[in-house]
Amino acid sequence: MSRDKQKKFVELAELRVNSAIKSIQLIGNLSNKRNYVYSDEQANKILAVLDSELKELRAKFKTASKTNNRFKL
């Protein structure tokens, strides 16, 4: 059972992380001033929300790893 969960985790992680990378790259394309006009405020909002989501993601993985720890003597 555990092996199946590990396999599923790897499968989904690869798909989702690669999708996220592609999306971030596409957002990065918006920085091209030849094609788009935007304010510093708009750019900062985009960066802030992405930073916030990454912070939440880190916290989720940190919390998940802490709950798996068991005390042993």
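When A48 is tested against the conditions (1) at pLDDT 95 or above; (2) open to solvent by 100 Å² or more (accessible area, probe 1.4 Å), the lone failure is (2). Residues that are loosely packed, with under 10 Cβ neighbours inside 10 Å, polar (S, T, N, Q), modelled with pLDDT of 95 or more and part of a helix (DSSP H, G or I) occur in the range 4-25; there is at least one.
Of note, E41 satisfies the criterion of being exposed (fewer than 10 other Cβ atoms within 10 Å of the Cβ) and part of a helix (DSSP H, G or I). A search for C-beta distances below 9 Å between a residue of the range 3-24 that is touching a residue at least 40 places away in the same chain (Cβ under 8 Å) and any residue that is charged (D, E, K, R), counting only pairs 6+ apart in sequence or on different chains, returns nothing.
The values are calculated or read from the model by the stated rules, or taken from the named source; none is laboratory data. As the structure is a prediction and not an experimental result, all values here were calculated from the model. Every residue, glycine among them, receives a Cβ derived from its backbone with ideal geometry; neighbour counts consider all protein chains shown. To get the accessible areas, we keep the full protein, side chains included, count just its heavy atoms, and leave off ligands, DNA and RNA. Shrake-Rupley method; radii C 1.70, N 1.55, O 1.52, S 1.80 Å.
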